[in-house]
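Have a look at the structure below, then the notes.
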Amino acid sequence: MPFKEDSCYSTSGKYCACIEFHLSEHKRRGFHTSQLIEYTLEPNPDAGDDKNEPPQKLALAFSTADVVVLGWRLSHLADKLQENDLAAVRVLPKRFADVDRHMPFLASIAITPIAKG
């Protein structure tokens, strides 16, 4: 799914079989939606009172990895997850943070593989 220039996410408008995380221009990682075990949207405990730190944390637990997204206004992404309509997410440059104060903005994406044991 193509992104709009100033958007950190894209949707499919139909059932999404995979959620793709764009880690850089040339690096993507995708997970089948059937691997999603749970997700949690909560305040970012590392933000504290610092207005420059992302205030929200969206944690996704897949069967093979944990994904943590930090940003602003992430409830919209959680809604898209619940609707099975989230196709892809990416980090945007800070200049896009306030283009639309109603749209989500991602500051970071971290993927931690689950150790095979």
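Of the GluC sites (Glu not before Pro) in region 1-74, the ones in a loop by DSSP (not H, G, I, E or B) with at most 11 other beta carbons within 10 Å are 5, 25.
Given R0 = 25 Å, the distance between the Cβ atoms of residue 66 and residue 17 translates into a calculated FRET efficiency of 0.75. Loop-located chymotrypsin sites (Phe, Trp or Tyr not before Pro) in region 7-85 (DSSP state other than H, G, I, E, B) with a sparse environment of at most 14 neighbouring Cβ atoms within 10 Å: 15.
A 1.4 Å probe, protein heavy atoms only, puts the accessible area of residue 41 near 60 Å².
Close Lys pairs in the chain, defined as Cα atoms under 29 Å apart and 8 or more places apart or on different chains, number 19.
With helices as the sole contributors, the chain gives -2000 deg cm²/dmol at 222 nm; each DSSP H run of n ≥ 4 counts as -39500 (n - 2.57), and the sum is divided by every residue. Between residue 82 and residue 115, the contour length at 0.36 nm per residue exceeds the Cα-Cα span by 9.2 nm. Here the gap between residue 49 and residue 26, fully extended at 0.36 nm per residue and compared with their Cα-Cα distance, gives a gain of 4.8 nm.
The values are calculated or read from the model by the stated rules, or taken from the named source; none is laboratory data. This structure is a prediction, so every number in the text was calculated from the model and none was measured. Backbone-built Cβ (ideal geometry, glycine too); neighbour counts: all protein chains shown. Please note that ligands, DNA and RNA were not included when accessible areas were found on the heavy atoms of the full protein model with its side chains. Shrake-Rupley method; radii C 1.70, N 1.55, O 1.52, S 1.80 Å.
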